[in-house]
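Just so it is clear, none of the values below were taken in a lab; they were calculated from the coordinates. In this text the structure is predicted, and so the values were computed from the model without any measurement. In this analysis, Cβ positions are derived from the backbone assuming ideal geometry, glycine residues included, and neighbour counts consider all displayed protein chains.
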Amino acid sequence: MDFAFDAKTEQLRATLLEFMDSHVYPAEAVLEQQLHDATDPWQRQPIIADLKAEARRRGLWNLFLPDPEHGAGLTNLQYAPLAEIAGRSPHLAPEALNCAAPDTGNMEVLAMFGTDEQKKQWLRPLLDGEIRSAFCMTEPDVASSDATNIATRIDRDGDDYVVNGRKWWSSGAMNPDCAIFIVMGKTDPDADRHRQQAMILVPRDTPGVTVKRAMHVFGYGDHAHGGHAEIVFDDVRVPAANLIAGEGEGFAIAQARLGPGRIHHCMRLIGMAERALELMCRRAVSRVAFGKPIAAQGVVQEWIAESRVRIEQARLLVLKTAWLMDTVGNKGAHTEIQSIKIGTPAMAEWVIDKAIQAHGAGGVSQDTPLAELWVAARTLRLADGPDEVHRMSLAKRELKKYL
Ligand SMILES: Cc1cc2nc3c(=O)[nH]c(=O)nc-3n(C[C@H](O)[C@H](O)[C@H](O)COP(=O)(O)OP(=O)(O)OC[C@H]3O[C@@H](n4cnc5c(N)ncnc54)[C@H](O)[C@@H]3O)c2cc1C
């Protein structure tokens, strides 16, 4: 077993680490200031466009997409350590590299299932970072962790489909650059449970689309990410050619989309946890309480040691999962994808929580990235499927061996 990264990965790591130091970390305070000064909180902040241009110039672009025709052509194993580094600044780096959710998943869907025309119209500008996109599955009125509950209707009418429904938590949709929504709904409620759904492309400016409001996350807008919107689709008419793959294919597309999406979140979470551990250590050696650095306290040492153990465990499983996805495919890596989606957000949440504690009140303030990192880790125990649903499905697969 070889645990070393290959030469290409090492070269990209070096380029990315330098970009993080020279551009991304210094941009964090700039973004904070631009968001603070903005008259419209959803307007695009100039610092993000600057970072995108610089990342692209350095060849740090579309690294997530294994398909060499459209993306960088890296394997999951090559991309994993790069996504980890980007995760250290989750509000800036992934978008700077054009590797941010939900665009990544949406680009994968279009690359895998889109027609030539759909690719030309929507994939190309997404790959070029000219527009952004949202994925609209979750609905306020049904338990959406069970995707078969989705109630939005996509009904054929002549040469069009007509979409009716209400979605929420459509990430990125408050961003004015978000031009296209991939909407999941039912084309045939009488078909087999997993064949009732379809996915359709709905341009944001289609009549009948209303972006109602931004959902708050722990009371805040999550502006840097383009927010999370509630959207109403009221008799929204789009050409039949906007359907992705075909009627009845929605559930299968959702599954294909979520595999890579989940591992990408986990890769970034490792980076978030690493950054939190670094901040915890720096703080612990420099802050003195009761006559000695807080790093001298056994309890703090225990947090630090335990953080290192948990991060290494999670990283190894994420890398193994990436390797399996590359070698036996996403289906063959199902158990591992679910394992990391259960384990990694909880690991990161634990480490970040300890780093916050070691910082005292400063840890929950705007003066460190810890509060934002904690929110990202906590919400990832819900987004892309709650922990309990992954546990249920994983347990079922384990039990199958004995039934
Ligand atoms: C920050 C953020 C971003 C998001 N981005 C998007 C997005 O871009 N697009 C999108 O479509 N959605 C998005 N979501 C929504 C997310 O995917 C859903 O919230 C999630 O799938 C759960 O659906 P629900 O909220 O309807 O919870 P429900 O289905 O109502 O479930 C509620 C709770 O019930 C429990 N539960 C459910 N099933 C079981 C079970 N089998 N066993 C035990 N307990 C169970 C779980 O604790 C679960 O959390 C986002 C959410 C967040 C927080």
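Between beta-carbons, use under 12 Å as the cut-off and find the net charge around residue 75, counting Lys and Arg +1, Asp and Glu -1. Provide the component values of the computation, followed by the final result.
Numbers: positive: 8; negative: 6, 67, 326.
Charge balance in the 12 Å sphere: -2.
Where does the charge balance sit around residue 56 when Lys and Arg score +1, Asp and Glu -1, over other residues with C-beta under 13 Å from its C-beta? Write out the running numbers ahead of the final one.
On the way: positive: 52, 57, 58; negative: 50, 54, 95, 128, 130.
Spelling it out: positives minus negatives among the neighbours equals -2.
Before rounding to the nearest 500, sum -39500 (n - 2.57) across all DSSP H runs of length at least 4 in the chain and divide by the residue total; then give [θ] at 222 nm in deg cm²/dmol. Could you put the intermediate results ahead of the total?
Working: 12 runs with 190 residues, N = 403.
Taking each H run of at least 4 residues, the total per residue is -15500 deg cm²/dmol.
Considering the dipole of the chain built from charges on the beta carbon (Lys and Arg +1, Asp and Glu -1) around the Cα centre, which of 53, 380, 223 is farthest to its positive end?
Of the options given, the answer is 380.
In nm, to one decimal, how far is the residue 15 label point from the residue 36 one, both placed 7 Å along Cα→Cβ?
3.4 nm
Any idea which of 333, 91, 307 is furthest toward the positive side of the dipole for the chain, if Lys and Arg beta-carbons carry +1 and Asp and Glu beta-carbons -1?
Selected residue: 307.
Using the eigenvalues of the Cα gyration tensor, what equivalent ellipsoid semi-axes result for segment 132-250 when each is taken as the square root of five times the eigenvalue, whole Å, largest first?
On the way: eigenvalues 113, 54, 24 Å².
After scaling each eigenvalue by five and taking roots: 24, 16, 11 Å.
Stick to the Cα atoms of the chain, pair each with every other, and give me the Kirkwood hydrodynamic radius in Å at one decimal. Working shown, then result.
Working: mean 1/r = 0.0455 Å⁻¹.
One over the average 1/r among Cα pairs gives 22.0 Å for the chain.
Which peptide among 85-98, 46-59, 251-264 comes first, and what is the full order, when sorted by highest mean count of other Cβ atoms within 10 Å?
On the way: 85-98: 25.1, 46-59: 16.4, 251-264: 21.0.
Final packing ranking: 85-98, 251-264, 46-59.
Once amide H atoms are built 1.01 Å from N in the peptide plane, which residues 5 or more positions from residue 168, or in another chain, come under 5 Å H to H?
138, 139, 231
Run the dipole for segment 83-172 about the Cα centre, Lys and Arg Cβ at +1, Asp and Glu Cβ at -1, nothing else charged, and hand back the magnitude in debye, nearest 20. Write down the numbers at each step before the final one.
Numbers: 9 positive and 15 negative charges, 41 e Å.
That gives a dipole near 200 debye.
Calculate how steeply helix 250-286 sits against the longest principal axis of the alpha-carbon atoms of the chain, using the helix alpha-carbon long axis, and give the answer as 0 to 90 degrees to the nearest 10.
Result, in degrees: 20.
What is the magnitude of the charge dipole of the chain about its Cα centre, with +1 placed on the Cβ of each Lys and Arg, -1 on the Cβ of each Asp and Glu, and no other charges, expressed in debye to the nearest 20? Numbers along the way, then the final one.
Details: 45 positive and 54 negative charges, 220 e Å.
Dipole size: approximately 1060 debye.
Rounded, prolate or oblate: which fits segment 33-123 when a ≥ b ≥ c are the square roots of the eigenvalues of the alpha-carbon gyration tensor, with rounded for a/c under 1.5 and prolate only if a/b beats b/c? Write down the numbers at each step before the final one.
Details: a/c = 2.25, a/b = 1.41, b/c = 1.59.
Taking the square roots of the gyration eigenvalues as a ≥ b ≥ c, segment 33-123 is oblate.
For the Cα atoms of the chain, what angle does the longest principal axis make with the long axis of helix 103-113, in degrees from 0 to 90, nearest 10?
Tilt of helix 103-113: around 40 degrees.
Compute the acute angle (0 to 90°) between the alpha-carbon long axis of helix 298-332 and the principal axis of greatest extent of the alpha-carbon atoms of the chain; round to the nearest 10°.
30 degrees
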